[in-house]
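Below is one structure, written out as structure tokens; comments come after it.
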Amino acid sequence: MTVINERDYFQFVPSNPWIGVGWRKRKDITFPLQPYLAKKKINFIASRCDKIDAEHNTLALANGETVDYDYLVIVTGPKLHFDEVEGSGPDGGHTHSVCTVDHAEKFKTDYDKILEKGSGKIVIGAMPFASCFGPAYEFAMILETDLRKRKLRDKVHLEFVTSEPYIGHLGLGGVGDSKGLLESAMRNAHIPWIVNAKTTSVEANKMHVEEYSDHGDLVKTHEVTFDAAMMLPSFFGVDVVKDVPELCNPRGFVIVDEHQCSPKYKNIYSAGVCIAIPPVDKTPVPTGAPKTGYMIETMVTAAVHNIVHDIKGEDRTATGTWSTMCLADMGDTGAAFVAIPQIPPRNVSWFKQGKWVHLAKIAFEKYFIRKMKKGTSEPFYEKSILKMIGVKRLN
């Protein structure tokens, strides 16, 4: 078994919003992959894959190596498609993201300038076609909390600009009372918002935004000024995967069946943000459906079981539940939701808020990083506890 990854380290992505305000350092949420994979006798190659030859079962790597495979599991994550909106992105653009630890650190540089100045304006939100909205809400509330603690909240204006049709939509059509609870939290934090917002371009210290009605009519145009902006981008399939004939949809996401297997290539499986999932509902400004952490774990579990079935000459039978649990930090409080399954209609739809979620998120960070280092996918106690609340990985 071989793992191929462009970077030689693992990063705990849910902690990136904390990196952006200095509550965490890179060393707190990253660790080298090779020594921990070696303990499990898993070969590791730190190199980008430049070509997938699905007809001949080979991978061409940037380091010049060619790797043969019997089964290929594609879990690349997305390409951050900053090109969707002119002038956006941290590399040559005017906005930031918290999708990677590198991007979060770049935001921290701009944030430090605002803190040094003692005043300013920060815009947070999500671009058209974005599908991961939770971190935007987290980051807005974390910023609000950090500024309050520094006695600068009255000097720094925060504004939320999102392609969602309403606050708390989350790309999921809402979960429980997410609309009411998140609207209330934003009001209490004095964070105004623009929804149904299509950001069309960004220039230095200014975003051009079109606001649409629920019927899709242009209502108003805005010039939103800022000193720093964190706008979650749309996602696209990575080029090396998108280039494989008949593997992906037009945006480069891998098409899979209920067993996480490609209909075209029976020895290729895929899971996570890189797979094709249709939007939950039609929205005036395009939004995508998020693929959250536990949901992805259910996909990967199904893929592994089906590869084992295939090796044994058995039919593929494993299907992931696509259930979702999410802990969102909101500074000094938090929000948690459970959606079973993630895509509606649901058997369970639950959303709660409280300080306990903030503490649970901190504990989960430590627990998950430890679990990754130990190489334990699903400890028996985790499986038992989740089963008690009706959450499981496989149908």
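Before moving on, here are some points about what is shown:
Residue by residue, here is whether (1) farther than 23 Å from Gln260 by Cβ; (2) assigned to a helix (DSSP H, G or I); (3) in contact (Cβ under 8 Å) with a residue 24 or more places away in the chain; (4) of a type outside the set (A, V, I, L, M) holds:
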| site | (1), (2), (3), (4) |
| --- | --- |
| Phe10 | no, no, yes, yes |
| Pro14 | no, yes, yes, yes |
| Trp18 | yes, yes, yes, yes |
| Asp28 | yes, yes, no, yes |
| Phe44 | no, no, yes, yes |
| Gly77 | no, no, yes, yes |
| His94 | yes, no, yes, yes |
| Asp102 | yes, yes, no, yes |
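- Of all residues making up region 274-291, the number that are surrounded by 22 or more Cβ atoms within 10 Å (Cβ to Cβ) and of a type in the set (Val, Ile, Thr): 4
- Count of region 128-172 residues, restricted to those that are under 22 Å from Met295 (Cβ atoms), touching a helix residue (DSSP H, G or I) at 6+ places or on another chain (Cβ under 7 Å), buried (at least 24 other Cβ atoms within 10 Å of the Cβ) and touching a residue at least 60 places away in the same chain (Cβ under 8 Å), is 5.
- Gly64 being touching a residue at least 60 places away in the same chain (Cβ under 8 Å) and either on the phi > 0 side of the Ramachandran plot or part of a loop (DSSP other than H, G, I, E, B) (or both): no
- Of the strands (runs of 3 or more DSSP E) entirely within region 318-364, those holding at least 3 residues that are closer than 28 Å to Cys261 by Cα occupy 324-329, 334-340.
- Residue within region 160-175 that is charged (D, E, K, R) and not in a strand (DSSP E or B) present: yes
- Filter result for Ser184 (among the small types (Gly, Ala, Ser), closer than 21 Å to Ile142 by Cα and crowded, with 20+ Cβ neighbours inside 10 Å): no
- Among residues of region 267-287 that are under 24 Å from Ala197 (Cα atoms), those with a beta-carbon under 6 Å from a residue that is among the basic types (Lys, Arg) and buried (at least 23 other Cβ atoms within 10 Å of the Cβ) at least six positions away or on a different chain give the pairs Val273/Lys291.
Residue-wise test of (1) part of a loop (DSSP other than H, G, I, E, B); (2) touching a Pro at 6+ places or on another chain (Cβ under 6 Å).
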| position | (1), (2) |
| --- | --- |
| Ser201 | no, no |
| Met230 | no, no |
| Pro250 | yes, no |
| Pro263 | yes, no |
| Pro286 | yes, yes |
| Met295 | no, no |
| Met299 | no, no |
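- If you go through region 342-352 and keep only what is polar (S, T, N, Q) and over 21 Å from the mean Cα position of the chain (by Cα), you end up with just Asn347.
- If you filter region 210-256 down to residues that are among the charged types (D, E, K, R) and loosely packed, with under 14 Cβ neighbours inside 10 Å, you find that the one that is farthest from Trp193 (Cα to Cα) is Glu246.
- Restricting region 187-199 to residues that are touching a strand residue (DSSP E or B) at 6+ places or on another chain (Cβ under 6 Å) and surrounded by 14 or more Cβ atoms within 10 Å (Cβ to Cβ) leaves a set whose member that is farthest from His81 (Cα to Cα) is Ile191.
- Residue count for region 284-302 under the criterion of being farther than 22 Å from Ala328 by Cα and within 20 Å of the chain's Cα centre (by Cα): the result is 4.
- Filter pass, Ala318 being hydrophobic (A, V, I, L, M, F, W, C), more than 22 Å from Ile19 (Cα to Cα), modelled with pLDDT of 95 or more and crowded, with 19+ Cβ neighbours inside 10 Å: yes
The values are calculated or read from the model by the stated rules, or taken from the named source; none is laboratory data. Keep in mind that what you see is a predicted model, and the values were worked out from it rather than measured. FYI the Cβ positions are ideal-geometry reconstructions off the backbone, even for glycines, and counts take in every protein chain you see.
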